[in-house]
Amino acid sequence: MRARRRTTVLAASLVLALGAVPLAAPAFAASGPAAANATTTGPDTEALEAAIAGLPDQDATAALVRVGGKGSWRGTAGVRDLRTGAPALEKARFRAGSTTKIVTAALALQLAAEGRISLDGTVQQYLPGLLTEDFAPITVRQLLNFTSGLQPGASLGNTTEEMYPHRFETLTPEEVVAASVAKGPNPDHAPGERQFYSNIHYTVLGMLIEKVTGDSYAHQAAVRIFRPLGMRHTSFPAGPDPRIHGPHNRGYDWFDGKLVDVTDWNMSDRWAAGDMISTNADLERLLVGVFRGRVVPEPQLKEMFAVPDVPDATMGAPFSPFKLNGRTVWAKTGSRPGYHTVVAATRDLSRTVVYSVNSTDARGDGEAIARRFAFPAFNR
């Protein structure tokens with residue numbers, strides 16, 4: 001009861017803070033070779049400025065937006081901490097959620113390019129004993145494009161409210177996958193027949209990467225992707241460490257009409273599917289590096305944009321295509337409590353956007369967040 005009372009008091013103080021702290025003035029800056037022509041050929045700066053104006057509000061406490069390509073724009077608004085009202089940090093680190101899957105897919109595709117795995121090779125081949133004999137062969141490609149048929153694994157809840165009391169507990173990748181295997185093969189469809197977005201596909205991919213390389217997933221990500229691209233502020237937590245190390249803006253979520261700080265959280269159950277911590281600048285480096293073929297060579301790179309020919313498929317491995325203002329934009333979202341992330345670009349990199357929004361419903365309506373903070377970058 002004492003812990004519950006302290007949480008209630010903290011939540012109440014945050015609600016008061018939202019109405020009491022002075023709103024941090026949005027910081028707008030344009031840079032890059034086309035900045036001078038941004039009003040005619042670059043991003044819609046007026047719409048972008050309007051998107052982040054007035055933060056914090058009921059939907060977000062801070063927003064960091066980075067637009068590049070033909071014309072660039074940077075915007076930072078909101079607060080770092082509701083208790084103090086300190087302005088949001090432009091170079092803040094944040095939980096990048098499922099944008100982690102870009103790294104996992106790239107690692108697997110690099111191994112395929114090196115001939116160390118085949119995309120048509122199976123989980124049974126590379127991870128013998130992981131699946132029972134009841135399972136039909138599942139290929140690496142089917143893991144990549146979410147058509148493996150594996151059922152979701154163990155979790156600590158489906159909503160932020162359900163997960164919050166368990167935020168310092170640990171679920172290992174092995175436990176997550178074991179729970180999936182225990183459910184048996186999917187009764188509704190065989191591998192390769194349907195696309196179903198779930199972390200389980202990329203958790204198994206992370207295990208496969210470790211098995212094939214004889215190294216940890218995190219170290220492989222660092223030496224193969226982060227260091228070569230200069231992503232100096234991107235990392236994975238040390239096991240169950242719940243903290244974001246380095247400068248960061250705190251995350252909040254609404255519980256029963258009250259704002260609660262959800263910054264500190266053990267995300268180990270997300271691992272290769274969503275445990276990465278990064279910055280906007282680093283994710284932009286990742287986005288540009290991948291699209292330019294600096295991370296994954298052709299022909300493996302095409303797999304990242306290949307939407308499988310199965311009913312209701314909407315994504316590749318792992319980018320999803322969207323039509324915005326007559327252009328095809330490839331995007332990946334990521335959400336963890338208190339943090340919502342998007343990386344998106346046209347295939348020719350004529351327009352890119354990366355944002356981190358401290359959404360107060362980060363795991364809720366992601367499309368509404370994207371419409372507010374990402375879509376304006378593609379208005380023209």
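The values are calculated or read from the model by the stated rules, or taken from the named source; none is laboratory data. Every value quoted in this text rests on a predicted model; they were computed, and no experiment measured them. For neighbour counting, all protein chains shown are included, and Cβ atoms are generated from backbone atoms with ideal geometry for every residue, glycine included.
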### Query
Which number in (1) surrounded by 15 or more Cβ atoms within 10 Å (Cβ to Cβ); (2) at negative phi; (3) touching a helix residue (DSSP H, G or I) at 6+ places or on another chain (Cβ under 6 Å) marks the one condition that Phe135 misses?
(3)
### Summary
Wholly inside segment 169-287, helices (runs of 4 or more DSSP H) that include 1 or more residues that are surrounded by fewer than 16 Cβ atoms within 10 Å (Cβ to Cβ) are 173-183, 199-213, 217-221
### strands (runs of 3 or more DSSP E) contained entirely in segment 6-80, each with at least 3 residues that are under 17 Å from Val354 (Cβ atoms) and at pLDDT below 80
27-29
### Query
Would it be correct to say that Phe168 is in contact with a Ser or Thr (Cβ under 7 Å, 6 or more places away or on another chain), more than 19 Å from Val204 (Cβ to Cβ) and in contact (Cβ under 8 Å) with a residue 40 or more places away in the chain?
no
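Taking the options Ala362, Ala344, name whichever one is surrounded by 24 or more Cβ atoms within 10 Å (Cβ to Cβ) and at pLDDT below 95.
Selected residue: Ala362, the only one of Ala362, Ala344 that is surrounded by 24 or more Cβ atoms within 10 Å (Cβ to Cβ) and at pLDDT below 95.
Okay, residues lined up against (1) of a type in the set (Lys, Arg); (2) in a strand (DSSP E or B); (3) farther than 30 Å from Met163 by Cα:
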position	(1), (2), (3)
Glu303	no, no, yes
Val307	no, no, yes
Pro311	no, no, yes
Pro318	no, no, no
Trp330	no, yes, yes
Thr333	no, yes, no
His340	no, yes, no
Ser356	no, yes, no
Arg372	yes, no, no
